[in-house]
Amino acid sequence: MRNADGCATRNIQPVTTKTLSDNDKRVIRIHADWARRTGVTAATLHHRRENLRRLAEQLPVELLDATAEHLDTWQASLTVSLSSVRTYTAHVKSFYRWAVEAGHLDGDPSARLPSPKIPPRTARPVSESDLALLLKVAQEPLRTWLLLAGYMGLRSAEIAQIRREDITEHDGRMYLAGIGKGQKPYTMAVPAQVVPYLAAHLGTARGQLWRAPQGGPLRATHCTGEAGKLMRSLGMSYTLHCLRHRFGTAMYAQTRDLLVTQEAMRHASPQNTRLYVLTSRPETTAAIDRLASASLRGRKGAA
């Protein structure tokens, strides 16, 4: 039996965790090495390892001994958002497809795991007044991260992986190059107003501009986490990604051209861009106002 989200509801037991066995550690390491050689991003590789580690801790058996029922029960026990369930499931399915193709398993126990459908998203752009407050309060390097997200539309992973050699100058303009979502390369002109902030971090000759507080590579989750903490401290319910929504919405408001906005946001399809752009055409707004004015005239205060 499954609930409305398509997840199993039978025999769901409280989630318990166990220590990873040597076999699980080994198969995760082998799979991660294979995934790395296929060209997945460092962020995807990190999330794959973490998802498999959590799965291995929660299964009552080792990863390669899991049955369809084990995985069904695991998925049904998840208490995260529908979007996260979809992401976790995708990582698990990819692992077990590989296990079959690599000869570790004869059949795929994840084959019948449902992938939840995600309702269409709506844009949640950070307002201009809230952005101004964030930039006023934020300390470096967070202020520069907010600028890169809000005025260039960079994703957290793209911010985290910026390297000194990615930043160049040509004909008096600063340019930023990188590898975006889907391993797609991009090159963008840095807005003049953002240049001084980014330039202040160019002290290193090569390598990542920013490092994690512990000294290792900066990860997207750290950028997202630091932005989220600041936003919550100011009573805001945004995420760092909402600044990308702000960029798309502001770009479309300025150009009224969805294709230009699509190119600026580096989307493969204008349909993707529409999800990030909060729009209200002046003609539509005026028509709505006229309709309300004609229908509600003289009814001020009516129930």
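The table for this structure:
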read-out: Among 34-42, 152-160, the order from most to least packed when residues are scored by Cβ within 10 Å on average; value: 152-160, 34-42
read-out: Packing-based ranking, highest mean first, of 79-89, 124-134 given that Cβ atoms within 10 Å are counted; value: 124-134, 79-89
read-out: Three-way shape label, the stretch 171-261, alpha-carbon gyration tensor, a/c 1.5; value: oblate
read-out: Test item: Cα-centred dipole of the chain, Lys/Arg +1 and Asp/Glu -1 on Cβ, debye; value: 700 debye
read-out: Among A68, M265, M251 - extreme Cα towards positive end, dipole of the chain, charges at beta-carbon; value: M251
read-out: Peptide ranges 268-277, 212-221 listed from the most packed, as the mean C-beta count within 10 angstrom indicates; value: 268-277, 212-221
read-out: Dipole of the chain, positive direction: furthest Cα of H170, T89, S129, with charges on the beta-carbon; value: S129
read-out: Shape of the stretch 1-119, Cα gyration tensor, a/c cut at 1.5; value: prolate
read-out: For the stretch 71-160, convex hull of alpha carbons as volume per residue, Å³; value: 159 Å³
read-out: Lysines with Cα under 18 Å of K229, excluding same-chain neighbours fewer than 8 positions away; value: K136
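Coordinate-derived values only; no laboratory data. Predicted model, so just to flag it, every value in this text is computed and none were measured. Quick reminder, even Gly has a Cβ in these numbers, built from the backbone with ideal geometry, and neighbours come from all protein chains shown.
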